[in-house]
Amino acid sequence: MTIVTAAATLMLGLAAALCLFRIYRGPSALDRILAIDVLLIVLIAGIALESVSNHHETNLSLIMILTIISYIGGVSITRLLSRDSDDQASEPEAAP
């Protein structure tokens, strides 16, 4: 079981490092927002991995709260970006 835990920890660490790189280097705000959302999911998976490897369920409430925050954040950002794109599409272009 320790080999599996070590491999999973290594993969989660690599995923977190790639997300941090995308947050730093992302060409657009949408890329950065998506990377933050994925980083939060990696954090949730890391907490779940720690709980499973130590055989306790005390972090279950933390996992649930982070999941709700991730969902609400993703939905609100999507609504904000879709509202901005609707506003830009409805504006008439100025005549030259």
**Request:** Work out the length of the dipole vector of the stretch 7-86 about its Cα centre, built from +1 on the beta-carbon of each Lys and Arg and -1 on the beta-carbon of each Asp and Glu, and round it to the nearest 20 debye.
**Result:** 200
**Item:** Unit charges at the beta carbon, dipole of the chain: most positive-side option, 75, 26, 2
**Value:** 2
**Message:** Tell me the Rg and the Dmax, in Å, that the Cα atoms of the chain produce.
**Reply:** 18.6, 69
**Fill in**
Listed with the fewest Cβ neighbours within 10 Å leading, 31, 37 appear as 31, 37
**Message:** With unit charges on the beta carbons (Lys and Arg positive, Asp and Glu negative) and the dipole taken about the Cα centre of the stretch 7-86, which residue among 14, 64, 42 sits farthest to the positive side?
**Reply:** 14
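FYI, it's all coordinate maths here, none of it is from the lab. The structure displayed is predicted, hence computed values, not measured ones. Methodologically, a virtual Cβ is constructed for each residue, glycine included, from the backbone with ideal geometry; neighbour enumeration extends over all protein chains shown.
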